[in-house]
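Comments concern the structure below.
The values are calculated or read from the model by the stated rules, or taken from the named source; none is laboratory data. Since the structure is predicted, the reported quantities are computational estimates derived from the model, not experimental observations. Neighbour counts are summed over all protein chains in view; Cβ atoms, including those assigned to glycine, are modelled from backbone coordinates with ideal geometry.
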Amino acid sequence: MYAPAFCVWCKLIHIQNIYKLEEKVYNVEEAKIIKKAYEESIVNDKLFPGAVHIIDSFIYRHLDTLEYLSRHNKAAFADLSKRITDSMFIRLSAANNIQPLLDAVIAQHKMNPDLQYALFVNHLSIAPEANVYVPLFTNTADNVHSTVPYLAHYGAKIGGTLSSYPPQSLVSNIKVSSTIAHSYRMEFSLYCDRPDRLTYILKKTLPQTSLSVFSIVAMLSIYFLTFANWVRQKKESEMKSDFINTISHEFQTPLTTIIIANKTIENENQQIRSPQLDALSSIIKRQSERLTVLVKQVIETSGEKPIRLELEEHVLNDELEEIISDYRINVDEENTHIVFSPHSGEQRVLLDKLHFTSIVLNMLDNSVKYNHKTEKEILVSTYLKNASTIALSIKDNGDGMSSKVKKRMFQKFYRNPSLVSSNKPGIGLGLYHTKKCIDAHQWSVEVHSKKDIGTEFIIYIPIATKHSNSDS
C-alpha cells in the first residue's frame, strides 16, 4: 500500500527537480550578455544612461531641508520625502531609455525578440553624516506612489512591460553609495525575461516530464491490476477452501453410515458364510477406507500440510492387481479396456498402501477422463529399470497433452481446458495430490505425452533391500 505511494511521491519530486533545474539554467547566457551591456552603459551613471542628472537635481536641491527635517520634524520629513521621490520617479520614468539599449543587445546577439524588462528603484537614502543613512524611499508596503507603479518587496517601477519577476529573471542588482557626508545611497534592479517563461520551460521539459508521468500512470495501473488480481485470487482461494471444507464435512456422515452398515453385513455373513457376500463386503470396506483417506487427503491438501506415510513392505504386482481389479468394477464405460502386464518376480517395495492406491487410481481416472476415443485402452505394466529400481508405467491412448498443459498439470486446482469445456467433474486436485504422494515416498516420475496419441506416466520405485526388510 505504501510502496506505490512512495514511488509516486519520488516521481513527483523528480518532475519538480527537472523543472527547477531547467528554470535555473534557463536564459543564463542571455542574462549574462544583457547584464554586461547594461552595467557598462551606466559605469558613470545610475539606473539608466543620463538618469544621474535627474536624481542629483532632485536630491541635492532639497538635501539641506531634508537633513534638517530628519533631525527636527519626522512627519514633515516623511511628507517631503514622498513628494520628492514621487516627482523624481515620474521624471525618471519619462526619461527611461532602457528599451533602445535592450533592442540593440537583442539584435546584436540574435536573442529572442520577445524579451521584456522591468526597471525598479529599490531603495533611496540620504547621508546627513558619513556612513549614516536616513531612508527617503524603501520597498516596504507603506510607500505607495499614485503615479508610478509600486510593488512591495521590489519598489518603484520606472519602466518596462515585464509583469512577472521570479528570482531567475533578475539580471542586475546595484547599490551605489558614498562614504562622505551630505550624499545619498541608491539601490536599483533590472529584470529581463520572456513573457511566456513558464510555457517555454514546460515545453522544454516535456519529454522528461512525459516519461515520468507515463511511469506514474504505468506504476499505478500495474499496482491496481495486481491488487485486483490479488483480490480475485483471494476470493477464489476462499471459495475453494469453503468448497473443500463443505465437501469434506458432507462426506463424513454417509461414509460413517456405510462403514457401520458394512460391519453389520460382515457380522451377519459370519452366520450365513456366503462367499459372494464376503467378496462384496471386502470391496465395500476397501472403497470406504479409500474414500475416508481421500477426504483426509483433500483436507491435507487444502491446508498444505505434509503427507504422513505409514510405510510397509508390499509386493508391488499384488497391490496393483488388487487396485486394478477394484477399478474395473467401478468403470462405467464398456469400451474401456485395462490390461495389466506385470514383470515376472515378486519385487517388494516400501509404500503407504492407501496413498499408493490413491496415486494409481488418480492416474487411471485421468486415462479415462482425458480419452475421447471409441475404444479406450489403458496398459499398466511393471519392469526393471535397473537392479535396484522397478518402474511402474500407466499408458493410455487418450487425448494427450500440449506442452503448456504438461508444464502445469501438477499445479494445485489446475484442470485441462478440454476437460473443463466438456463439463466433466473434477476440482483439479488429483494430479497435484498424486505428485505430493510421489514426492513424499521420495520416488520420481516421468511423463511422456503426444497430442491425440496418448500419455504415459512412469514412476520409478526403489526395490526394498534386506536392510529395509529388517527395519520394517
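Here's the yes/no breakdown for (1) at pLDDT 75 or above; (2) under 21 Å from G428 (Cα atoms); (3) of a type in the set (K, R):
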site: S215; (1), (2), (3): yes, no, no
site: M219; (1), (2), (3): yes, no, no
site: W230; (1), (2), (3): yes, yes, no
site: K235; (1), (2), (3): yes, yes, yes
site: I265; (1), (2), (3): yes, no, no
site: N269; (1), (2), (3): yes, no, no
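Picking from N96, N73, N173, N139, which residue would you name as being assigned by TED's automatic domain parsing to the domain that holds L47 and either surrounded by fewer than 12 Cβ atoms within 10 Å (Cβ to Cβ) or in contact (Cβ under 8 Å) with a residue 60 or more places away in the chain (or both)? Full working, then the answer.
Values: N73 fails: either surrounded by fewer than 12 Cβ atoms within 10 Å (Cβ to Cβ) or in contact (Cβ under 8 Å) with a residue 60 or more places away in the chain (or both); N173 fails: either surrounded by fewer than 12 Cβ atoms within 10 Å (Cβ to Cβ) or in contact (Cβ under 8 Å) with a residue 60 or more places away in the chain (or both); N139 fails: either surrounded by fewer than 12 Cβ atoms within 10 Å (Cβ to Cβ) or in contact (Cβ under 8 Å) with a residue 60 or more places away in the chain (or both).
Only one candidate passes the filter, namely N96.
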Original post:
Pick from the range 327-341 the residues that are surrounded by 14 or more Cβ atoms within 10 Å (Cβ to Cβ) and either of a type in the set (S, T, N, Q) or in contact with a Phe, Trp or Tyr (Cβ under 9 Å, 6 or more places away or on another chain) (or both): which of them is farthest from E446 (Cα to Cα)?
Top reply: T336
Original post:
Do you know which residues across the range 43-66 are among the β-branched types (V, I, T), more than 11 Å from L92 (Cα to Cα) and in contact (Cβ under 8 Å) with a residue 60 or more places away in the chain?
Top reply: I59
Subject >> Residue count, the range 44-64 (criterion: surrounded by fewer than 17 Cβ atoms within 10 Å (Cβ to Cβ) and either within 60 Å of the chain's Cα centre (by Cα) or modelled with pLDDT under 90 (or both)) >> reply: 1
Original post:
For the range 385-431, which residues satisfy the criterion of being in contact with a Lys or Arg (Cβ under 8 Å, 6 or more places away or on another chain) and modelled with pLDDT under 70?
Top reply: L419, K424, G426, I427
**OP:** Would you check if there is a residue in the range 353-369 being charged (D, E, K, R), in a loop (DSSP other than H, G, I, E, B), farther than 13 Å from F457 by Cβ and touching a strand residue (DSSP E or B) at 6+ places or on another chain (Cβ under 9 Å)?
**Re:** no
